[in-house]
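To keep things clear, I will list the structure first and then write my remarks on it.
The values are calculated or read from the model by the stated rules, or taken from the named source; none is laboratory data. All values reported here derive from a predicted model rather than from experimental measurement. Every residue, glycine as well, gets a Cβ built from its backbone with ideal geometry; the counts of neighbours run over all protein chains shown.
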Amino acid sequence: MLRVADSFARTDTGRQRRSNEDAFYARPPLFAVADGMGGARAGEVASSLLVEVLESGLPDGGNDEERLAGREANAQIHELSRQDAERAGMGTTVTAAYVGDRAVALAHVGDSRAYRLHDGRLEQMTRDHSLVEELKRRGKLTEEEAEEHPQRSVITRALGPEARVDVDTVSVPAQAGDVFLLCSDGLTAMVPEERIEEIFGDGDGAGLERVGRELIAEANDRGGRDNITVVLFSLEDVADGAVTDQPTQIGVPAPSAEQVEAAKATAEAEPAAAPRRTVPLPRRRKPAARAAARGRRRRIRGLVPTLIVVAILGALAAGAWVATRAVYFVGTTHDGFVAVYRGLPWNGPFGVHLYESFYVSAVPVSEVPTGRRHKLLDHQLRSQGDASDLVRKIEQGQVGAS
Ligand code: CA
């Protein structure tokens with residue numbers, strides 16, 4: 001199952017424009033770039049309206065492509081442009097990507113682009129809806145003529161200007177290690193594809209942030225004639241373990257020994273891989289628990305030699321550590337997103353941390369039907385597969401209201 005390993009998103013006004021009409025959305029598994037158009041800053045309104053629509057979540061039902069191509073944003077931008085003469089005809093491009101189990105679904109209108117970097121090779125995954133692209137396709141312009149064409153920035157399709165819009169969608173099969181680039185034409189009009197590919201190759205291809213910053217700097221060095229937006233994300237297999245550094249929200253009673261054993265038994269059939277990086281867990285402990293822990297420590301110290309105490313504590317810690325590797329639960333981050341945690345849903349004695357954030361979804365808990373929330377987010381112990389499946393279902397809106 002694919003997961004987002006790393007991501008980077010930035011927009012830059014460039015060197016010649018006074019305002020930035022681009023916008024982006026980057027919250028795994030959903031990413032998008034929008035390049036607004038229209039006078040009196042209406043482009044800015046259109047592209048940020050698109051981002052707002054994405055923030056409110058993808059529609060339910062259908063496959064990833066269908067959900068991504070939801071026409072909601074077009075309807076809203078169009079409606080707003082009809083109500084306000086200053087905003088008449090405003091619109092925005094959109095190139096959006098949704099990371100599914102085995103493929104990345106893309107939805108696209110206009111001349112922002114999606115590229116996939118696979119084995120060091122950059123491939124364009126979208127076809128521009130622009131005048132020069134149409135002319136090229138009909139054999140009326142060569143590649144070289146297209147690059148110099150005065151109407152290069154004229155687009156033939158956008159979200160907003162019409163009541164209905166055709167959204168191109170495609171599902172791109174993807175693998176761990178692939179990197180996707182979504183960008184506005186402020187990048188691609190300034191930086192040739194070969195140079196973009198080279199920048200990915202510099203510095204072992206590592207570090208999306210380095211690549212993203214270099215792409216923007218390169219577009220500016222070459223003139224920065226337009227707003228530049230770059231969204232990057234890399235993929236890994238879920239078996240590699242996507243540990244995030246989001247904080248956690250906790251505060252339920254410890255599970256019973258039977259619950260731990262049952263969850264471990266399920267998980268043993270499915271070994272948990274080592275995390276890419278581990279994240280220290282919160283050290284919160286209630287004052288009463290602290291006092292009890294101190295009391296326990298004192299009593300033990302009075303009874304047995306220090307060496308044995310150390311051995312016992314070590315064994316306990318090792319046992320707890322093994323348990324935390326094997327079990328998972330679904331909960332909520334402190335800022336309200338559905339997440340998978342690895343470990344036990346409580347803070348153990350002696351400051352031992354028993355859970356860590358394993359995967360944070362883009363779905364706010366408010367989107368989980370109220371009737372199901374308690375049952376789904378009850379911190380029940382699960383195998384990695386069960387917990388991931390459950391969150392995937394929530395992400396795909398497959399969780400009914402009851
Ligand atoms: Ca642009």
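Set side by side, the residues 111, 101 differ, and just one is surrounded by 24 or more Cβ atoms within 10 Å (Cβ to Cβ), in the same structural domain as residue 188 (by TED's automatic domain parsing) and assigned to a loop (DSSP other than H, G, I, E, B), which is 111.
Regarding residue 137, is this residue under 22 Å from residue 109 (Cα atoms) and within 16 Å of the ligand (Cβ to nearest atom)? Criteria not met by residue 137.
Condition check ((1) away from the ligand (no atom under 16 Å from the Cβ); (2) part of a helix (DSSP H, G or I); (3) in the same structural domain as residue 78 (by TED's automatic domain parsing); (4) aromatic (Phe, Trp, Tyr)) across all residues:
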{"residue": "126", "(1), (2), (3), (4)": "no, no, yes, no"}
{"residue": "133", "(1), (2), (3), (4)": "no, yes, yes, no"}
{"residue": "141", "(1), (2), (3), (4)": "yes, no, yes, no"}
{"residue": "146", "(1), (2), (3), (4)": "yes, yes, yes, no"}
{"residue": "152", "(1), (2), (3), (4)": "no, no, yes, no"}
{"residue": "166", "(1), (2), (3), (4)": "yes, no, yes, no"}
{"residue": "196", "(1), (2), (3), (4)": "yes, yes, yes, no"}
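Given the structure, is residue 202 of a type in the set (Asp, Glu) and within 16 Å of the ligand (Cβ to nearest atom)? In short, no.
Inclusion of residue 189 among residues that are at negative phi and within 16 Å of the ligand (Cβ to nearest atom) is warranted. Applying the criterion of being away from the ligand (no atom under 16 Å from the Cβ) and buried (at least 22 other Cβ atoms within 10 Å of the Cβ) to the residues of segment 82-98, the residue that is nearest to residue 163 (Cα to Cα) is 96.
So, in segment 1-23, of the ones that are aliphatic (A, V, I, L, M) and more than 16 Å from the ligand (Cβ to nearest atom), which residue ends up surrounded by the fewest Cβ atoms within 10 Å (Cβ to Cβ)? It comes out as 1.
Within segment 52-69, the presence of a residue that is of a type in the set (S, T, N, Q), out of contact with any helix residue (DSSP H, G or I) (no Cβ under 6 Å at 6 or more places or on another chain) and within 14 Å of the ligand (Cβ to nearest atom) is excluded.
Every test in (1) away from the ligand (no atom under 16 Å from the Cβ); (2) touching a strand residue (DSSP E or B) at 6+ places or on another chain (Cβ under 7 Å) is passed by residue 109 save one, and that test is (1). Going through segment 171-186 one residue at a time, which ones are of a type outside the set (A, V, I, L, M, F, W, C) and within 14 Å of the ligand (Cβ to nearest atom)? Listed by number, the residues that qualify are 184, 185, 186. Once segment 24-40 is narrowed to residues that are over 16 Å from the mean Cα position of the chain (by Cα) and crowded, with 16+ Cβ neighbours inside 10 Å, the residue that is farthest from the ligand (Cβ to nearest atom) is 38. Here residue 45 meets each of (1) away from the ligand (no atom under 16 Å from the Cβ); (2) part of a helix (DSSP H, G or I) with one exception, condition (1). Candidates are the residues of segment 144-196 that are of a type in the set (S, T, N, Q) and within 24 Å of residue 90 (Cα to Cα); the one that is surrounded by the fewest Cβ atoms within 10 Å (Cβ to Cβ) is 151.
Here is a yes/no grid of residues against (1) of a type in the set (Ser, Thr, Tyr); (2) touching a residue at least 40 places away in the same chain (Cβ under 8 Å); (3) more than 19 Å from residue 58 (Cβ to Cβ):
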| site | (1), (2), (3) |
| --- | --- |
| 94 | no, yes, no |
| 118 | no, yes, yes |
| 122 | no, yes, yes |
| 145 | no, no, yes |
| 152 | no, no, yes |
| 165 | no, yes, no |
| 168 | no, yes, no |
